[in-house]
Amino acid sequence: MTYWHVETDIIALMLFTVMLIRNRNEKRDRTLQHKLFYLVLILSIVSAAIDSASALALNLHSSLICCDIALNLFMMTIPMLSLVWYCYSLALMGKQDDSRKIRLMKTASVPFLIYMIIAASNPFNRWFFSLSENLIYTRGPLYYYLGISMMLVYSVMTIVILIRGRHEFSSPSDGILLAVIFVLAASSICVEALIPGLLLVRVSYAVLYVFCSMTVENEHKEKLYRQLDRQNASLKEAVLEAQEASTAKNEFLSRMSHDIRTPMNGIIGMTRIALQQEDPAKKDEALNKIDMSSKFLLGLVNDILDMQKVDSGSMTLHEEPYLMSDFEDYIDSIIKPLYEAKHQTFHVETHAVDSVVPVMDELRFNQIMFNLLSNAVKYTHDGGDIYFSVFNELVPDHKERITAVVRDNGMGMSKEFQAVIFNQYTREDRKQSSEIQGTGLGLSIVKKLVDLMGGTITVDSELNKGTAFTVVLDVNYIESAQTAWKEKKAKRMDCNALKNMHILLCEDNELNVEIAKALLEDQGVITDTAFNGQEAVELFQASAHGYYSAILMDIRMPVMDGYTAAMTIRSLGRPDAPKIPIIAMTADVLADDVQKSADAGMNGHIAKPVDPDKMYSAIIEAVMP
C-alpha cells in the first residue's frame, strides 16, 4: 500500500496561514500588486487544503466516492498555483499600466478554465486518474500531457517575466534570485510527476511565497526611501531657492531704499533751496532738478509695479497701429536729453516698410527700447558712442519682423553676469556699476515684455569694450493706413478740443485738486469740484442734462468712494447718466484696480501722479471716441 505524504501539505498549509495572518496585520498600498499578493496566498491555502484532503482520503482508505471527489478536485487545481504566480509576477513589473496587465491575466486564465472543465469530466473518462475498488490509484495520460505540462508552461512564463523584468527591482539580483527559486519550485513538479506521493510542490511554493514576501517588503521600503530622498532633495532645493530669493530681495530692498532716498533727498533739498532763492534763474534751476528727481522716483515705482503685473500674469497688451515716424519722434524727444547730458554721440539707422504700419502695444514697445537705450547711455562713459538700428521686413503669416539693435562702447559686462542679466534684482558687483542708480529690474522687465510679445532678446558683451542687445519681434500690420492713422492720432491729441468743456472733478485732497484744476484750466476747461462721492452725485444730479462733458473720479474718498459714486450716477434715471464719460483718476494703478473701475461703469483710467498729456488724451478719447 502506498503512503501519501500529507506532512508536506500540512507544513505548506501552516506556512501559508501564518503568512496570511502576518500580512493582514501589515498596512500596504491598495495596488494591483498587493491585491494579487492576497489572492496568491488564499488560492495557495485552498490548493494545499485540497491536496491534503486527497492525500488523507487515500491514506485512510475512505470510501471510493470520497477519494474520487478529493482526487478530482486535486486534478482540477494542478495548474492553479502556477497561473496565480504568473499573474503576481506580471503585477510586480511596473512599466505597463494595470489595465494592460489585467488583460494579459485574463488571457492567460482562459486555458486554465478550459483545463478545469476537461479535468472535471474525469469520473466519466478516467483521462487524469483512476481508482480501483480497493482504492488503487493510477494516473491517466492527461495528468502528464495536460496537467503537469500546463503547470510547467505557466512556470516558464513566470520565470521569463522575472528574468526580463529584473531591472524593475531596486536590486536586479532580487529578480534573478526570485526566478531561481521559481525554477526550483517548477523542478519539484517534475520530481512529483516521477515519484507519485512525494508532494513537494506546495512546500516549494510556500518557500517561494516567503521569499517573495520579503522581496516585496524590501521593494516597498526602497520605494519609500527613494520617495523620501526625492522629497528631501526637493525640500533642500526649495529652501535654497527661498534663501537665494530672500537674499536677492533683501539686496533689492536695500538698493531700492538707497535709490528712493536719493531722489527724495534731491526733491526735499531742492524744494528748500527754491523757497529760499530770490534769483528767478536759480529758482528755475532748482525746480528743474526737483522735476528730474520726481520723474526718476516715479520710474522706480513704475518698475516695481510692472514687475508685479508681469509676475502675476495680469499684464495685457493693447495693440494698435504705431507709425515708425512717431517712434522716431519719441526716441528723439526722450533719449536725446540723456545722451546730450553726457556729450555722447547717438547714431540712428532705421529701415521701415513704407506700405504697412506695424500693430503693437506702443507703450510696452517704447518701454523696451527706452530701457535698453537709457542703459546704454548710463553704462557708457562721457563722450562715448551709442548705436541704434531698427530694421523692418515682411515675413510669412502676415507678420512684420522688427529687429532692433542697441549697441554701445561702454563698460560692458562679464560672461558670468550675462548668464543672469535678465534675472530680477540683479546688478553686476563692480565699482563702476555700483555707482550708477537703478533697481536691477529694468532688464528683467524687458525680457518679460519681449516674451509676452512673442519675441526674443539676446545680449553680446565684453568687459570694457561695450554691449549689444538685439530684440526681434514678429508683429501684425495693416496695409496703407498711415495717413488715416495720423489724422486720427492728431485729432485725439488736439488739446483745442478741451476748450470750454465742463468737467466735474471729484477729489478729496486739496493739493491734488489744485494741481488738476491748474492743468485743466490751462487748456480752457471749466472745472467744478466735489470733495467726496456723495457731493459728486449731488452736483451731477443738480446740473442740467448734458452740462458736464466728463467726470474725473478719485477712488478713495470719504462719505462715498469713487466706485459707489460711479455706479450711483449710472443708475440715475436721466438720459445722460448712462452715457457721460467717467474716468478714474487715482493712485490705485494695479490691473485689479483698473478692472474694478471698468466694472463700476467707468470709461477710462488715469494713474497718479498725473501726466498732463495722458489726462488730456484720456478725456478727448472718452468725449470724442
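Just so it is clear, none of the values below were taken in a lab; they were calculated from the coordinates. Keep in mind that this is a model prediction, so the values were computed, not measured. Virtual Cβ from ideal backbone geometry, glycine too; neighbours counted across all protein chains shown.
Just a few scattered comments:
- The stretch between Ile118 and Val156, if pulled fully straight at 0.36 nm per residue, gains 11.4 nm over its current Cα-Cα span.
- Nearest-0.05 FRET efficiency for Tyr225 and Ala341, computed from C-beta distance (R0 60 Å): 0.40
- For Asp561 and Glu241, a Förster radius of 41 Å and the Cβ-Cβ distance give a FRET efficiency of 0.55, rounded to the nearest 0.05.
- Whole-number D in µm²/s for segment 493-623 (Stokes-Einstein; Kirkwood sum over Cα pairs; 37 °C, 0.692 mPa s): 229
- Sorting 114-124, 549-559 by average packing, meaning the other beta carbons within 10 Å per residue, from highest down gives 549-559, 114-124.
- Compared with the direct C-alpha span, the chain from Lys399 to Thr458 gains 19.2 nm at full extension, assuming 0.36 nm per residue.
- Scattering profile of segment 84-142 at q = 0.14, 0.18 Å⁻¹ [log10 I(q)/I(0), Debye over alpha-carbon scatterers]: -0.57, -0.70
- Ordering of 83-93, 389-399, 511-521 by packing [mean C-beta count within 10 Å, highest first]: 83-93, 511-521, 389-399
- Neighbour-count order for Met157, Met151, fewest beta carbons within 10 angstrom listed first: Met157, Met151
- Fewest neighbouring Cβ atoms within 10 Å first, the residues Val472, Val239, Val406 line up as Val239, Val472, Val406.
- Simple spin-label estimate for Lys106 and Leu511 in nanometres, 7 Å along Cα-Cβ: 7.9
- Legend: calculated FRET efficiency, Leu572 to Ala598, from the Cβ-Cβ distance at R0 = 25 Å, rounded to 0.05, equals 0.80.
- Residues with amide H under 5 Å from that of Glu462, placed H, sequence gap 5 or more: Met413
- Modelled spin-label separation between Glu416 and Leu39, with each label point placed 7 Å from Cα along the Cα-to-Cβ direction: 6.1 nm.
- Cα centroid separation - segment 525-560 against segment 580-625, whole Å: 15
- Where a label projected 7 Å from the Cα of Lys465 along Cα→Cβ would reach, residues of segment 377-405 with amide N under 18 Å: 380-381, 385-387
- Normalised by 2.2 N^0.38 Å, with N the number of residues, the alpha-carbon radius of gyration of segment 52-172 equals 1.31.
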